[in-house]
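Novice: The structure follows.
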Amino acid sequence: MIVAVVATASCAAAARETVRAVLAVDPDSRCEVLDLDGAYRPHGPEHVTTSDDADLRLDAIRLTHDDTTLLSALTAIWGAHLLDAGDAVLGLVPGIMLQGRPEWSADSSVTVAVVRAVDSTTGGRPEASLLANELFILGTDARAHGSALHQLAVDWHTSDRWLDLFVARVPHRIVVDDAALVSSANSGPETILRLDDGRLVRDGMPIVALDLAGLNPGHPWLFDSRHGVSSGPLLSRNRELAELLDGIAQRERSDAAPADVRRPDEELVREIARTATNAGEDLDGALSDLEGWLLQLLPAGDRTPLTRYLAGVRRSRPDLVRIFPNVPGGDSGTLARWALEHGIHESRYDPVLLRRAADLTIAAQPAPEESRKLRPRGVNLVGYLAGELGIGTSARLMDAALQAAHIPTSTFAASADLQSRATAAYRRSDGTRFDTSLLAVNADQTKTVSESLVDVVAGSYRIGMWYWEVESFPASRDAAFSHVDEVWAATDFVRDAIAARATVPVRTVTPPLPQRSAIEPPEIPARLQIPVDRPWFFFAFDYLSTVERKNPLGLLDAFDRAFSQDDGEGPILVIKTLNAGRRVGDAERLRLAAAGRADVILVDEYLEPDELTALMARCTAYVSLHRAEGLGLTIAEAMAWGRPVVVSAYSGNMQFTNSRNSFLVPCTMTTIPIGAEPYPAGTRWGDPDLDQAAAILRRIVDDPAAALAVGRQAAEDIRTLHSPAAAGERLHEALQAAWERRDRRRARRAFAPLRALLRRVRSRVNR
């Protein structure tokens with residue numbers, strides 16, 4: 001049997017693992033590798049062919065296919081090319097790992113045999129679009145159809161369905177067997193794979209192959225990192241599979257090819273071409289004059305067009321789509337100005353091409369229009385007032401400060417881009433429109449939220465209440481400055497980060513911090529099975545706020561250093577999480593790290609507000625070993641209840657934590673790694689000293705009276721220094737300064753024509 005494998009720079013290590021698995025199952029197999037970029041390192045006896053040697057004319061297909069469909073189509077082309085050798089061909093996309101020889105591969109009289117999965121979400125029906133190009137056999141009779149196979153694979157109009165179309169035209173066999181190929185399409189969190197006599201089995205049936213094309217060697221705690229929540233078997237429930245994947249990931253990391261030397265925007269250009277073909281466009285112009293094609297203004301004849309290249313840049317960036325939603329439209333020119341000020345400095349784009357694309361777009365825009373209306377003095381508070389997330393809590397706290405300062409205020413609940421439940425209670429107003437809008441949403445949401453409430457915001461003086469969690473404010477959010485007149489930051493830490501890039505004034509205005517209720521907190525829910533007769537530490541975080549920043553793995557490490565394995569009497573660590581289902585890989589990583597310790601309790605379920613308050617108010621201590629925080633509301637909430645807190649001595653929480661009211665853990669400045677988005681890789685944050693943290697945890701257990709004294713000081717500071725009344729005074733001062741700044745600006749605008757006239761008169765007199 002001939003095995004056809006294609007390797008590019010981005011998947012050379014995975015291709016090598018695929019070949020390794022084939023040779024482990026059948027050492028006599030003839031493995032033929034097509035090495036497109038010269039990055040493949042041979043495993044052993046396989047034969048390696050370069051694209052030049054193969055003479056397959058692949059320029060067009062590399063332009064018009066994305067990485068996924070490119071590999072599938074190239075595997076088909078390479079397999080059809082190898083049919084001339086006279087044997088059946090097994091085509092394997094890099095990442096498909098054979099575990100046993102497929103019995104149906106011996107039937108060479110069948111032109112094509114395709115393995116499909118049964119998708120449990122469709123009631124067990126074989127889905128025509130599932131795994132049609134992951135694992136297939138080309139029998140010897142397929143030689144008569146080789147040219148048709150080649151054409152279908154090259155044709156970009158059918159790039160993701162070429163095999164479906166091919167098997168519709170030639171004799172074939174469909175193999176429907178969940179054990180034949182295990183992938184994220186036919187397995188999920190409930191799937192259990194076990195070792196039986198050294199081979200993985202599923203429901204008692206030996207597995208033929210694993211689809212590990214989505215395995216990220218840098219994060220091997222997720223079976224498939226490509227499909228979000230559809231991630232395949234949970235490795236925390238499949239320890240033998242986890243060990244297998246960890247070994248594969250280690251080898252792939254050591255075999256990783258050098259950095260890809262292709263043009264920086266090659267993937268972007270591919271996606272632009274694919275979008276055009278999906279819209280029915282002919283790509284002859286792109287193949288003959290790619291740059292001219294990319295600089296075309298679209299839609300043709302539109303009032304606010306933009307170049308094809310700039311449109312592709314925006315489409316490839318979710319943050320730009322959020323910030324510039326009206327494209328083509330009123331945001332076309334603003335997007336182009338972002339490209340000139342910031343985009344051309346990003347390594348992912350061709351700077352010369354992006355500059356030309358932006359210039360052409362700006363030149364095509366109509367003159368801007370602006371209108372202003374006079375309104376009564378006061379504040380339109382716009383934010384996620386009903387949202388059960390930190391920035392929603394901050395907005396509600398700002399409303400409390402405005403009320404304490406006796407500032408006329410109307411509340412307007414935003415829902416655009418809201419990624420949480422919207423059931424929180426907030427003060428509803430009569431809807432009066434005032435002359436100032438306080439936009440209590442982050443920079444990347446400011447434009448979208450403003451436009452969703454344009455009748456409220458338009459014509460008002462706009463203040464953005466922005467949060468950011470690390471020292472470097474990202475260039476991708478600079479465009480948001482054009483939608484506000486000034487920015488308020490909750491802490492000096494956030495202020496310094498934003499001010500470094502700001503084109504408007506930035507001021508620290510700390511909101512009130514959560515206050516203790518006069519009512520005693522409820523009891524701990526019995527279903528959580530927390531042994532409250534033992535000391536227990538608590539931490540709560542949202543996976544959407546990123547595991548790297550919140551650092552629960554560091555907390556686990558510190559707890560492990562502080563206390564030996566559970567003896568049934570020692571301390572407990574309780575970690576409450578939110579949105580685990582939306583960050584399956586991170587959740588799996590934490591579960592695997594916590595496995596084996598009965599004294600670590602992970603609470604992944606949704607809790608009602610009073611249940612969460614019970615955990616916060618009754619824990620022995622709250623621990624946050626974060627690498628960076630913009631403010632730290634959960635820390636403040638625990639302090640309000642008189643709980644001692646153990647926190648990183650760095651970032652926004654230092655606005656209200658100190659050596660008197662908290663246990664501070666020293667930090668060492670480190671580099672933010674790749675994969676911690678949205679935080680810019682290569683910039684700084686603080687890594688807490690885990691040995692110091694462990695020593696503090698032991699001290700709290702050994703001397704609970706001293707720990708409670710720190711907690712009492714914390715409660716007093718939150719009550720007196722960070723109440724709505726105290727915050728209201730700071731807010732009132734900030735508003736007065738904002739209004740004075742606005743009035744001075746209006747005066748300058750009003751007298752601008754007179755000043756211009758005087759300059760012209762003086763000029764004539766001087767002549």
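The values are calculated or read from the model by the stated rules, or taken from the named source; none is laboratory data. Predicted model only: the values in this text are computed from it and were never measured. So basically every Cβ, Gly included, is an ideal-geometry build from the backbone, and we count neighbours across all protein chains shown. All accessible areas refer to the heavy atoms of the entire protein, side chains included, with ligands and DNA or RNA removed. Shrake-Rupley method; radii C 1.70, N 1.55, O 1.52, S 1.80 Å.
Novice: Given the structure, is residue 701 β-branched (Val, Ile, Thr), more than 30 Å from residue 459 (Cβ to Cβ), in a helix (DSSP H, G or I) and touching a residue at least 12 places away in the same chain (Cβ under 8 Å)?
Specialist: yes
Novice: Do we have residue 539 as open to solvent by less than 40 Å² (accessible area, probe 1.4 Å), farther than 24 Å from residue 396 by Cβ and touching a residue at least 12 places away in the same chain (Cβ under 8 Å) here?
Specialist: no
Novice: Another question, if that's okay. Report, ordered by the first and then the second residue, all pairs with beta carbons closer than 8 Å, sequence separation of six or more or different chains, a first member in region 640-663 that is assigned to a strand (DSSP E or B), and a second member that is open to solvent by 30 Å² or more (accessible area, probe 1.4 Å) and hydrophobic (A, V, I, L, M, F, W, C).
Specialist: 647/664; 648/664; 648/667
Novice: Taking region 438-459 only, how many residues are modelled with pLDDT of 90 or more, touching a Lys or Arg at 6+ places or on another chain (Cβ under 9 Å) and in a loop (DSSP other than H, G, I, E, B)?
Specialist: Total satisfying the criteria: 1.
Novice: Residue by residue through region 437-460, note down the ones that are surrounded by fewer than 24 Cβ atoms within 10 Å (Cβ to Cβ), of a type outside the set (Gly, Ala, Ser) and under 22 Å from residue 741 (Cβ atoms).
Specialist: 456, 457
Novice: Every residue in region 298-332 that is assigned to a strand (DSSP E or B) and crowded, with 21+ Cβ neighbours inside 10 Å, please.
Specialist: 306, 307
Novice: Now for a different question. Do we have any residue at all in region 283-297 that's open to solvent by 80 Å² or more (accessible area, probe 1.4 Å) and in a loop (DSSP other than H, G, I, E, B)?
Specialist: The answer is yes; a qualifying residue exists.
Novice: Applying the selection to region 641-654, what residues are more than 22 Å from residue 468 (Cβ to Cβ), among the hydrophobic types (A, V, I, L, M, F, W, C) and open to solvent by 10 Å² or more (accessible area, probe 1.4 Å)?
Specialist: Passing the criteria: only 641.
Novice: With the requirement that a residue be open to solvent by less than 90 Å² (accessible area, probe 1.4 Å) and either closer than 16 Å to residue 24 by Cα or not small (Gly, Ala, Ser) (or both), what does region 197-208 give you?
Specialist: Selection gives 198, 199, 200, 201, 202, 206, 207, 208.
Novice: Please list, ordered by first then second residue, the pairs with beta carbon atoms under 7 Å, 6 or more apart or interchain, first in region 262-282 and at pLDDT 80 or above, second open to solvent by 60 Å² or more (accessible area, probe 1.4 Å) and among the polar types (S, T, N, Q).
Specialist: 268/316; 271/316
Novice: Could you check region 521-536 and list, in sequence order, the residues that are closer than 18 Å to residue 697 by Cα and among the acidic types (Asp, Glu)?
Specialist: 533
Novice: Report, ordered by the first and then the second residue, all pairs with beta carbons closer than 9 Å, sequence separation of six or more or different chains, a first member in region 610-629 that is touching a residue at least 60 places away in the same chain (Cβ under 8 Å), and a second member that is open to solvent by 30 Å² or more (accessible area, probe 1.4 Å) and assigned to a strand (DSSP E or B).
Specialist: Matching pairs, first to second residue: 627/667; 627/670; 627/687; 628/684.
Novice: Identify, by number, the condition in (1) more than 30 Å from residue 476 (Cβ to Cβ); (2) among the β-branched types (Val, Ile, Thr); (3) at pLDDT below 95 that residue 674 doesn't meet.
Specialist: Single failed check for residue 674: (1).
Novice: Tell me yes or no: at least one residue of region 593-609 is in contact with a Pro (Cβ under 7 Å, 6 or more places away or on another chain), under 25 Å from residue 389 (Cβ atoms), at pLDDT below 95 and open to solvent by 10 Å² or more (accessible area, probe 1.4 Å).
Specialist: No, region 593-609 has no match at all.
Novice: Here's a follow-up. Out of contact with any Leu (no Cβ under 6 Å at 6 or more places or on another chain), of a type in the set (D, E, K, R) and in a helix (DSSP H, G or I), is that true of residue 471?
Specialist: Judged against the criteria, residue 471 is not a match.
Novice: For residue 621, indicate whether it is at pLDDT 95 or above, crowded, with 21+ Cβ neighbours inside 10 Å and under 19 Å from residue 532 (Cβ atoms).
Specialist: Yes: the conditions hold for residue 621.
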